[in-house]
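Let me begin by presenting the structure, written as structure tokens, before commenting on it.
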Amino acid sequence: MTRGSFVFFTVSPVKTRQDTQPYAAMIRSYACLVSSALVRLSRPCNLGDAKASVLAGDARKIREMVQDLILPSRRDRDPELFVKIFGSGVRTLVFVAGLGGTTRYWETRVTELAQEHRIVLVDLLGFGRSPKPWVKYSVERHVDALQRVLAPLGPVTLVGHSLGALIAAAYAARHTETVERLVLISLPHFGSQDAAYTYMRQGPVKGGLIYTNVLLTMLACIITRRLLGRILPYLIRDIPREVVEDLVKHTWRSSTSSLWDVVYRHDVADDLRILEPVHNVLCIHGSDDIMAPLAPVRALAEAFSNVQLCVLEGLDHHPFLREPERCCELIASFAEQAAREAMLPNG
């Protein structure tokens, strides 16, 4: 991703399933009318085969965009997240990617860790190959979905990047008995929605104003998925191809709601306050990260005695992609500290 680019999305407060029931018939009727009109547009007409083919293709894309907007897919109420497990070892490392990330963000970069650890890669609810229900993607819903995966695994070292770091911290604070250590990479911390808005609109992020506008962020998400998906690897050249390809594996609902309700509105300081007497936390942060600025994370490390900050000089929002070996070394060393402490008489 080019320096200064932005892949976050936002959403307005989302109604519950019960709240939306009165509107279901109206939405279905509207969808039928729009789809019917678009089907007619896609029929061959007397413009010549070439022009008719182009029009049909455009109509199909538009129809898919409309269906994506007003008829998102529905899944089970308690969906099972997509998980990859490999490696061997007594200790378990769980990795959770950020907004738009999937298991492929980590997969080829944790092979060294897999020689001595069991590796668990998880696609967050609404992303990658996990279910994408028509719900509000709140902190609680993400944590509940993650809990169904992690509960059977026993104590783990939990590693999260960006959005995944926020959800990992929230999970650890609510399920302290299942987490040994917590690693937060490129942690976004704004403190409040207003502070996030101010940074996005006035800070160095290009297009920040767009991503504090509900309608524009929703449309940007849909257009990126439907129209730009196949060419994204050619537009974003400084991120591994498999990571870029997976940026479109979400819905506008999952991406915008996750940003709005988790990144913008949730204050990770509340979770760290709960964790302070219980677990040690390692924050890994690039010095040049403009997506999740370093200064607020440095303030967290100064405020909480259990938080250790490791700043990687010259790196942006993706230190794990830029220097995976260094990050893996830090994670392994941190996890081994937990193992040594567990062997102490009072551990």
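The values are calculated or read from the model by the stated rules, or taken from the named source; none is laboratory data. Just so it is clear, the structure is predicted and the values come from calculations on it, not from any experiment. When we count neighbours, we look across all protein chains shown, and the Cβ atoms used for this are built from the backbone with ideal geometry, even at glycine.
Flag: GLY128 matches the condition of being touching a helix residue (DSSP H, G or I) at 6+ places or on another chain (Cβ under 9 Å) and either outside the structural domain of ARG326 (by TED's automatic domain parsing) or at positive phi (or both). On the stretch given as segment 315-336, residues that are buried (at least 16 other Cβ atoms within 10 Å of the Cβ) and either of a type in the set (A, V, I, L, M) or at pLDDT below 95 (or both) total 6.
Against the definition (hydroxyl-bearing (Ser, Thr, Tyr), outside any helix (DSSP H, G or I), in the same structural domain as PRO188 (by TED's automatic domain parsing) and within 26 Å of THR178 (Cβ to Cβ)), how does SER305 come out, yes or no? Considered against the rule, which asks whether it is hydroxyl-bearing (Ser, Thr, Tyr), outside any helix (DSSP H, G or I), in the same structural domain as PRO188 (by TED's automatic domain parsing) and within 26 Å of THR178 (Cβ to Cβ), SER305 comes out as yes.
Yes/no per residue for (1) surrounded by fewer than 22 Cβ atoms within 10 Å (Cβ to Cβ); (2) of a type in the set (A, V, I, L, M); (3) out of contact with any His (no Cβ under 8 Å at 6 or more places or on another chain); (4) within 26 Å of GLY128 (Cα to Cα):
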{"position": "ARG230", "(1), (2), (3), (4)": "yes, no, yes, yes"}
{"position": "PRO233", "(1), (2), (3), (4)": "yes, no, yes, yes"}
{"position": "SER254", "(1), (2), (3), (4)": "no, no, yes, yes"}
{"position": "SER257", "(1), (2), (3), (4)": "no, no, yes, yes"}
{"position": "VAL281", "(1), (2), (3), (4)": "no, yes, yes, no"}
{"position": "MET291", "(1), (2), (3), (4)": "no, yes, no, yes"}
{"position": "PRO296", "(1), (2), (3), (4)": "yes, no, no, no"}
{"position": "PHE304", "(1), (2), (3), (4)": "yes, no, yes, no"}
{"position": "GLU313", "(1), (2), (3), (4)": "yes, no, yes, no"}
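Each residue in segment 252-279 was checked for being under 12 Å from the mean Cα position of the chain (by Cα) and closer than 18 Å to ARG226 by Cα, and 3 of them qualify.
Across segment 81-90, what is the total count of residues that are assigned to a loop (DSSP other than H, G, I, E, B) and modelled with pLDDT of 95 or more? Even if it seems obvious, please write down each step before you answer.
Step one: of segment 81-90, the residues assigned to a loop (DSSP other than H, G, I, E, B) are 81-82, 88-90.
Now drop any that are not modelled with pLDDT of 95 or more, which leaves 81-82.
Total meeting the criteria: 2.
A count restricted to segment 180-220 and to residues that are touching a His at 6+ places or on another chain (Cβ under 8 Å) and of a type outside the set (A, V, I, L, M) stands at 3. In segment 198-250, how many are in a helix (DSSP H, G or I), farther than 24 Å from ASP123 by Cα and among the charged types (D, E, K, R)? Residues that pass the stated criteria total 1. The criterion of being out of contact with any helix residue (DSSP H, G or I) (no Cβ under 6 Å at 6 or more places or on another chain), of a type outside the set (Ser, Thr, Tyr), part of a helix (DSSP H, G or I) and within 20 Å of TYR264 (Cβ to Cβ) holds for GLY164.
Check whether at least one residue in segment 133-142 is outside any loop (DSSP other than H, G, I, E, B), of a type in the set (A, V, I, L, M) and within 30 Å of GLU276 (Cα to Cα), and report yes or no. There is at least one residue in segment 133-142 that is outside any loop (DSSP other than H, G, I, E, B), of a type in the set (A, V, I, L, M) and within 30 Å of GLU276 (Cα to Cα).
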